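Enquirer: Okay, here's the structure, questions in a sec.
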Amino acid sequence: MSDKKLWAGRFNEPTDAFVEAFTASVEFDQKLAHFDIDGSIAHATMLATRNILSGEEGDLIIDGLERIRSKIADGEFEWSVELEDVHMNIEAALTADIGEAGKKLHTGRSRNDQVATDVRLWMRHEIDLILKELKRFQTALLNLAEKEIDTILPGFTHLQTAQPITFGHHMMAWFEMLNRDAGRLADCRQRMNVMPLGAAALAGTTYPIDRHQTAELLGFDKPAENSLDAVSDRDFAIEFASAASILMMHLSRMSEELIIWSSAQFAFITLSDSFCTGSSIMPQKKNPDVPELIRGKSARVFGHLMSLLTLMKSQPLAYNKDNQEDKEPLFDVVDTLKGSLKVFADMVPAISCNHDNMRAATLKGFATATDLADYLVRKGIAFRDAHEIVGKSVAFCVEKRCDLADLTLDELKQFSNVIEEDVFDVLTLEGSVAARNHIGGTAPAQVRAAISRARGN
Ligand code: ARG
């Protein structure tokens, strides 16, 4: 291999040593190697089909690239910063291996369409893995929801006791959030699955290429319509980071609830020891580090979304070197997201509910006050008046330090004479949740139906 750079035909001076390292991306973009080789094999196959390369040259290139792939997989490939990036490292190694034919691989393409293709191939693969992990997490939620379908806990608004709900219903709320996340990722995957290759540097190429063939070989839905757009835009990466940010925001909310619920003050759930850590000074501590860390990790994903947006803004058409900066944020978004989803999928089946604590907490805070108001409405009182009557009853209970269900019929009657013995049915927690019996409601019957719909039964 000569010391000269692959692009240095017009250069008289060598690259400044610091600039060489400063502009290189191989330390991180080697992650794309497998996809770079897939792209090159498809490109070489197409060049040979179109007689731009001979069949023999095409075969030499493809065999050589497969040898390089194995070397990389075995950790035996020597990456060189002097060769700047993953693309030129692989091309130089190919030429060193097979000679003249290796120099023909780059016919009719540029690193600009090459890198845009690689990133899309990599991201498509990663989205598929993320969607699988998301599904595993959702299945864990369905199982937990089913197991705790009748478990009652307080539902909150403003983190103040609002109305009784079932734990199964709460888990299904998380399930729905994740369903939309999966939809966003699938949508992003579909919009992204368009092939830049053939756009070459920016304007297309003079060779009689067949972009439909390459697109088909690489599993893209179609070739990109416009060469300038194909090499320059990274909106698909921004879209992915934004779907990832929304998903991390959801994981952060779920984490927050797990943290609150596992505190000594709430003690609604117990997290498995294998997902908690201790304190080096306080022997009694069992800290919910894993959900805390995921709550914290949402910050870096949001940050990467901002980086990518800022990276793209103001860039004139077409490719600019700025775009090399898309990789590290994207790689970190993927690693963070996959790790967080894996942890949740593994942690959720090991959550155990402390039923007595949940029940005791629901009995505090007048969770069935709305049920009493609805009862009065059914007896002919207007809702606004019913609200006032129950408000007065609650004030009485606060004074007496008891719950609505602890009042005698006579005590309740002083607030409204329509109240009869049957009021006690609506004041029970079970009665309260069972009464919210319509699609989307917290009644166990409805949660059971929701789980069954979610399972596709
Ligand atoms: N390493 C570059 C990137 O990540 C590859 C494309 C380089 N193209 C160029 N014209 N310098 O974007």
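The values are calculated or read from the model by the stated rules, or taken from the named source; none is laboratory data. Quick caveat: nothing in here was measured; it's all calculated off a predicted structure. Methodologically, a virtual Cβ is constructed for each residue, glycine included, from the backbone with ideal geometry; neighbour enumeration extends over all protein chains shown.
Enquirer: So S272 fits all but one of (1) modelled with pLDDT of 95 or more; (2) out of contact with any Leu (no Cβ under 9 Å at 6 or more places or on another chain); what number is the exception?
Expert: For S272, the failing item is (1).
Enquirer: As an exercise: evaluate E100 against (1) in a helix (DSSP H, G or I); (2) within 16 Å of the ligand (Cβ to nearest atom); (3) charged (D, E, K, R) and give the number of the one condition it does not meet.
Expert: Failed condition: (2).
Enquirer: Scanning for something surrounded by fewer than 18 Cβ atoms within 10 Å (Cβ to Cβ) and more than 16 Å from the ligand (Cβ to nearest atom), does the range 80-88 turn up at least one residue?
Expert: no
Enquirer: So which of A373, A350, A405, A386 ends up being in contact with a His (Cβ under 9 Å, 6 or more places away or on another chain) and on the phi < 0 side of the Ramachandran plot?
Expert: Only one candidate passes the filter, namely A373.
Enquirer: Sticking with this structure for a sec: Looking only at residues in the range 103-117 that are within 16 Å of the ligand (Cβ to nearest atom), assigned to a loop (DSSP other than H, G, I, E, B) and not aliphatic (A, V, I, L, M), which one is nearest to E57 (Cα to Cα)?
Expert: So, considering only residues that are within 16 Å of the ligand (Cβ to nearest atom), assigned to a loop (DSSP other than H, G, I, E, B) and not aliphatic (A, V, I, L, M), the one nearest to E57 (Cα to Cα) is H106.
Enquirer: Residue by residue through the range 402-412, note down the ones that are more than 52 Å from the chain's Cα centre (by Cα) and either surrounded by 15 or more Cβ atoms within 10 Å (Cβ to Cβ) or farther than 23 Å from E430 by Cα (or both).
Expert: D410, E411
Enquirer: When the residues of the range 1-49 are filtered to those that are part of a helix (DSSP H, G or I) and polar (S, T, N, Q), which remaining residue is farthest from the ligand (Cβ to nearest atom)?
Expert: T49
Enquirer: So, one more: Take the residues of the range 54-96 that are in contact with a helix residue (DSSP H, G or I) (Cβ under 9 Å, 6 or more places away or on another chain) and outside any helix (DSSP H, G or I): which is nearest to L32 (Cα to Cα)?
Expert: By that ranking, first place goes to D85.
Enquirer: Check D63, D36, D85, D59 and return the single one that is over 26 Å from H212 (Cα atoms) and of a type outside the set (V, I, T).
Expert: D85
Enquirer: Please count how many residues of the range 42-61 are buried (at least 18 other Cβ atoms within 10 Å of the Cβ), out of contact with any Lys or Arg (no Cβ under 9 Å at 6 or more places or on another chain) and β-branched (V, I, T).
Expert: Residues meeting the conditions: 1.
Enquirer: For the range 317-330, does any single residue satisfy the condition of being surrounded by fewer than 20 Cβ atoms within 10 Å (Cβ to Cβ), within 16 Å of the ligand (Cβ to nearest atom), aromatic (F, W, Y) and in contact (Cβ under 8 Å) with a residue 24 or more places away in the chain?
Expert: There is no residue in the range 317-330 that is surrounded by fewer than 20 Cβ atoms within 10 Å (Cβ to Cβ), within 16 Å of the ligand (Cβ to nearest atom), aromatic (F, W, Y) and in contact (Cβ under 8 Å) with a residue 24 or more places away in the chain.
Enquirer: Could you go through the range 244-263 and let me know if any residue there is in a loop (DSSP other than H, G, I, E, B) and within 30 Å of F156 (Cα to Cα).
Expert: yes
Enquirer: Exactly one of (1) crowded, with 16+ Cβ neighbours inside 10 Å; (2) over 20 Å from L144 (Cβ atoms); (3) aliphatic (A, V, I, L, M); (4) more than 16 Å from the ligand (Cβ to nearest atom) is unmet by A360. Its number?
Expert: Just one mismatch for A360, condition (1).
Enquirer: Would you check if there is a residue in the range 22-40 being touching a residue at least 60 places away in the same chain (Cβ under 8 Å), surrounded by 12 or more Cβ atoms within 10 Å (Cβ to Cβ) and more than 29 Å from E126 (Cβ to Cβ)?
Expert: Among the residues of the range 22-40, not one is touching a residue at least 60 places away in the same chain (Cβ under 8 Å), surrounded by 12 or more Cβ atoms within 10 Å (Cβ to Cβ) and more than 29 Å from E126 (Cβ to Cβ), which makes the answer no.
Enquirer: Any chance you could count how many residues in the range 81-122 are among the small types (G, A, S) and free of Cβ contacts under 8 Å to residues at least 60 places away in the same chain?
Expert: 4
Enquirer: Could you say which residue among W122, W174 is buried (at least 18 other Cβ atoms within 10 Å of the Cβ), of a type outside the set (V, I, T) and closer than 18 Å to H34 by Cβ?
Expert: Only one candidate qualifies: W122.
Enquirer: Which one of these is in contact with a strand residue (DSSP E or B) (Cβ under 7 Å, 6 or more places away or on another chain) and in a helix (DSSP H, G or I): V433, V398?
Expert: V433
Enquirer: Taking F344, is it closer than 30 Å to T362 by Cβ and crowded, with 16+ Cβ neighbours inside 10 Å?
Expert: Yes; evaluated as a whole, the condition is true for this residue.
Enquirer: From the list D235, D181, pick out the single residue that is at pLDDT 95 or above and either surrounded by 18 or more Cβ atoms within 10 Å (Cβ to Cβ) or under 16 Å from the mean Cα position of the chain (by Cα) (or both).
Expert: One residue alone meets the criteria, D181.
Enquirer: Mind telling me which of the residues S255, S263 ends up being surrounded by 14 or more Cβ atoms within 10 Å (Cβ to Cβ) and of a type in the set (G, A, S)?
Expert: The conditions single out S255.
Enquirer: Small (G, A, S), in contact with an Asp or Glu (Cβ under 7 Å, 6 or more places away or on another chain), within 22 Å of I246 (Cα to Cα) and more than 16 Å from the ligand (Cβ to nearest atom): does that describe A299?
Expert: When the stated conditions are applied, A299 does not pass them.
Enquirer: Suppose we filter Q160, Q138 for residues that are surrounded by fewer than 19 Cβ atoms within 10 Å (Cβ to Cβ), away from the ligand (no atom under 16 Å from the Cβ) and either more than 23 Å from H43 (Cβ to Cβ) or over 21 Å from the mean Cα position of the chain (by Cα) (or both); which single one remains?
Expert: Q160
Enquirer: For the range 91-122, give me each residue that is more than 22 Å from A199 (Cα to Cα) and charged (D, E, K, R).
Expert: Correct list: D97, E100.
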